[in-house]
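Reviewing the structure listed below.
Every number here is computed from the coordinates shown, using simple stated rules; none is lab data. Not measured: the values here are computed from a predicted model. Ideal geometry is used to build each Cβ from the backbone, glycine not excepted, and the neighbour counts take in all protein chains shown.
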Ligand SMILES: Cc1ncc(COP(=O)(O)O)c(C=O)c1O
């Protein structure tokens, strides 16, 4: 009955329900519930928007208190107490201890809009139009960000030419076999490369939608050096892998580098509250007042959620993420690799993947579709990523308990076994 309403009225562009065909109604921390009362362990985490868990009690209490107090909800980019409290907390708890000198620019509340803003600033500051992005990258769905996104399927939705971006090999797949930084260097040094010098290079330190590919620390350091040497701005897209996901607040901390701009969204709002921000070096603050505006920038309850989240995101919290990282790796070694040596694993912090493309029965995503369906039937929500959907993506809330994590991994292991047994 309910599904009929969705089918009757909702556009065919909606996609996730196709993998998780039920009607969700409730959620608490790492569990989701459907209208039939069935419980699911959540390894999808709102695509990275729910790092602190669904309806996190502490964060929600602050939001509810704010919402019930006749406090301002909508304020465009005017000064408000909620925004001021967030700016102070972010400065004191995140920027200052890391010695970071960034200004904050709030955008229309989606990750893609933060990337659009970063592109504008890099282009305006340099007067150059080209931008380097990487093979396997995902940066969003609006035209500028889609031009940075490498997936053919996603790009085919644009209906227009996506321009001013040159894709460079990420240190993975083909790019693992040669020195991609030296390749970029040769392009930038040559006046016969045929490739315009970019205003910026945008990078995910861990490609998430690209299949959970972790860039090596040494590569990230050399990328930073390359940008500095050639006067190119380095943008780090931390929309999915920021906010503690990799075991530090920012994903680039492990490489000891400082990007010129950082884009954040998803979990920055604390509990699914829409929010989006660009952190920028002061020299990049080149847009004139109103040159990147938007009606819903600064949705005030999101500032409340974001400020409350910063009370949680401390060193102990990050250390706990790193501990659970080891737990997943150990689980893979002892329980999944033992099913078949060719089943691979990649990951860092609490973003991991079980990779099946080396199996003989791997067939353009259909195998993982089956495993995903089996997981769903058994009560686990898990998404696929990477080329030909080769990666089963483990993206739980950072607050997930060890017992819940193991229970989810058990479902994943049993589902892989059950599907492979039929092959
Ligand atoms: C790395 C990265 N950048 C940008 C985006 C786009 O964010 P949004 O869907 O909020 O526009 C995403 C979304 O998954 C992402 O993972």
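The table for this structure:
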quantity	calculated
Of 316, 209, 370, the one that fluctuates the most in a GNM where the chain has Cα springs shorter than 10 Å	316
Efficiency of FRET between residue 79 and residue 58 - r from beta-carbon atoms, R0 30 angstrom, step 0.05	0.70
Pairwise label distance in nanometres, residue 142 with residue 166, each label 7 Å out on the Cα-Cβ vector	2.7
Most to least packed among 259-265, 179-185, 166-172 [average Cβ atoms within 10 Å]	259-265, 166-172, 179-185
Distance (nanometres) between label positions extended 7 Å along Cα→Cβ at residue 98 and residue 340	4.0
The chain - share of DSSP beta bridges that are antiparallel (%, nearest 5)	65
C-alpha center-to-center spacing [region 146-171, region 336-385] in angstrom	26
Beta bridges per DSSP with both ends in region 71-312, % antiparallel, nearest 5	45
Using a Förster distance of 56 Å, the FRET efficiency for residue 407-residue 193 (Cβ separation, nearest 0.05)	0.60
Mean Cβ neighbour count within 10 Å, used as a protection proxy, ranking 319-331, 143-155, 390-402, 340-352 highest first	390-402, 340-352, 143-155, 319-331
Full-extension gain in nm, residue 378 to residue 18, via 0.36 nm per residue minus C-alpha separation	128.0 nm
Convex hull projection area averaged over all views, region 71-312, Cα basis, nm²	13.1
Theoretical ellipticity at 222 nm over the chain - DSSP helices of four or more residues, -39500 (n - 2.57) apiece, nearest 500	-10500 deg cm²/dmol
Residues 17, 219 arranged by fewest to most Cβ contacts within 10 Å	17, 219
Two-site FRET efficiency, residue 333 against residue 70, from Cβ-Cβ distance with R₀ of 45 Å, rounded to 0.05	0.25
Distance from region 11-62 to region 179-232 (C-alpha centre basis), Å	36
For region 267-378, Kirkwood radius (reciprocal of mean inverse C-alpha pair distance, Å)	18.3
Rg(Cα) / (2.2 N^0.38 Å) computed for region 27-123, rounded to two decimals	1.38
Descending principal axes extents, the chain, alpha-carbon based, whole Å	60, 57, 47
In nm, spacing of pseudo-spin labels at residue 4 and residue 179 (7 Å Cα→C-beta vector)	6.6
